[in-house]
Ligand SMILES: [Zn+2]
């Protein structure tokens, strides 16, 4: 699923990427042309002001509350039926796909203990951020379950 988010929704963007969504975040103030030229993306906004333009252009959208990213995330997940399975195939920082890196190439770049205990390392081809499956994976999954439970209650 492809989304376009406002800059202030960057935290929500990170979580959508954990779920495997293709997420772009607008850098800076939103311009009409930027939304229209990416029609294939569902636009997520905190502002009602784009409504008429979005409807007119036939762009799918969701208005979310400004403050609470957990509510934002739940609203988007529920509205678009996004499976809450962590994917970790995309960079949470910039949204590009991750690629497997040879172990000997990462030795200098990760903590020694992590290197010894981890079999596979990934990097983002676009921004070079390193990833590996570790305890943070379980923490993120637990956090997501908590958020979804809370917001449903
Ligand atoms: Zn990246």
**Request:** Have a look at 44, 55 and point out the one that is within 29 Å of residue 123 (Cα to Cα) and outside the structural domain of residue 138 (by TED's automatic domain parsing).
**Result:** 44
**Complete:** Just one listed residue, out of 93, 123, is assigned to a loop (DSSP other than H, G, I, E, B), within 19 Å of residue 24 (Cα to Cα), within 16 Å of the ligand (Cβ to nearest atom) and outside the structural domain of residue 26 (by TED's automatic domain parsing), and it is 93
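Count, please, the residues in the stretch 55-90 that happen to be assigned to a strand (DSSP E or B) and within 16 Å of the ligand (Cβ to nearest atom).
Matching residues across the stretch 55-90 total 1.
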**Prompt:** Do we find a residue being touching a residue at least 24 places away in the same chain (Cβ under 8 Å), within 16 Å of the ligand (Cβ to nearest atom), over 26 Å from residue 6 (Cα atoms) and not assigned by TED's automatic domain parsing to the domain that holds residue 23 anywhere in the stretch 126-145?
**Reply:** no
**Prompt:** Pick from 51, 105, 113: which is in contact with a strand residue (DSSP E or B) (Cβ under 9 Å, 6 or more places away or on another chain), part of a helix (DSSP H, G or I) and exposed (fewer than 12 other Cβ atoms within 10 Å of the Cβ)?
**Reply:** 105
**Message:** Looking only at the stretch 134-148, count every residue that is over 14 Å from residue 73 (Cα atoms) and exposed (fewer than 14 other Cβ atoms within 10 Å of the Cβ) and tell me the total.
**Reply:** 6
**Asked** Looking only at residues in the stretch 12-41 that are over 15 Å from residue 96 (Cβ atoms) and touching a residue at least 60 places away in the same chain (Cβ under 8 Å), which one is surrounded by the most Cβ atoms within 10 Å (Cβ to Cβ)?
**Response** 12
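The values are calculated or read from the model by the stated rules, or taken from the named source; none is laboratory data. These numbers were taken from a predicted model, which means no experiment stands behind them. As a convention, Cβ positions derive from the backbone with ideal geometry for all residues, glycine included, and neighbour counts pool all protein chains shown.
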